[in-house]
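Encoded as structure tokens, the structure appears first; notes follow it.
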């Protein structure tokens, strides 16, 4: 009983923290989508991403979302949901575009990985980051090919159409975007808020910690030396702690550079499962809805971790 009493305020506090981080970003993403539609500039902004969208048989609107994903994945996917509810993209296009939108977040790992791993591990830190980025490229390429094979080519990719009517001013576009933004947010937030609260209660109840402890044991199935198990355990707590520990083992000669890289990749694979489970509620389901969010998350984790698993064993065999 006492444990339950302690969990409730902690879970509510975590819920507030998650909502405070997520809701404003989603609101901004939907609002940006509505303003771009009102200004009739989606075509011009998305032109930078034409090679991605046209090859994948995605409508031009998805290009603007892809570019926004380099700044905020949540806002970019909220934009896709807005397009979907407006009938501008279909279910298949939503799934393909959402999977492609995960690529910018992989590339932007440099913001926190490179300043930590390269100074501590030198060339092996750079190799680790390069492998993760390469897997991101390969995953995106697979999704683009799948989109090209499974989606029909949108008519506007052949014959671009100019928007009819005069272009409104920015003030008029912002004013016109408020009502459709509120309508879309009611749908998204109606799912997001209770889902994030549920995830917070699961986190405070120790569900994710129990999964992490189980996965640490599973690390013994991979081709890494016993010393590498400490790096994996540290990675469940912090990527900085894992990098620091790996640096010490490398400097002391207790682990070779090859083993360091493979161990970090295994740590990334195992910790990603817990990360995806946390994000299933606070991101995928919250933005895309229970059914679509689960579908997108399962496809994303299967591609990402499948490729990572192949990379781990190829390195173990040939390096």
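Each reported figure results from applying straightforward, stated rules to the coordinates on display, with no laboratory input. Model, not experiment: these values are computed from the prediction. Every residue, glycine as well, gets a Cβ built from its backbone with ideal geometry; the counts of neighbours run over all protein chains shown.
Using r as the Cβ-Cβ distance of residue 123 and residue 309, and R0 as 22 Å, what FRET efficiency do you calculate, to the nearest 0.05?
So the FRET efficiency works out to roughly 0.40.
What full-extension length gain, to one decimal in nm, is calculated for residue 316 and residue 176 as 0.36 nm per residue of separation minus the Cα-Cα distance?
The residue 316-residue 176 span can extend by a further 44.7 nm.
Starting from the 7 Å offset along Cα-to-Cβ, what nm value, one decimal, do you get for the label separation of residue 8 and residue 244?
Roughly 3.8 nm, to one decimal.
Give me the distance in nm between label points sitting 7 Å out from Cα along the Cα-to-Cβ direction at residue 133 and residue 50, one decimal.
2.6
Suppose the chain between residue 85 and residue 275 were pulled fully straight at 0.36 nm per residue; how much longer would it get relative to their current alpha carbon spacing?
My answer for the length gained is 65.6 nm.
Once you have the Cα-Cα distance between residue 251 and residue 148, take 0.36 nm times their residue separation minus that, and quote the gain in nm to one decimal.
32.3 nm
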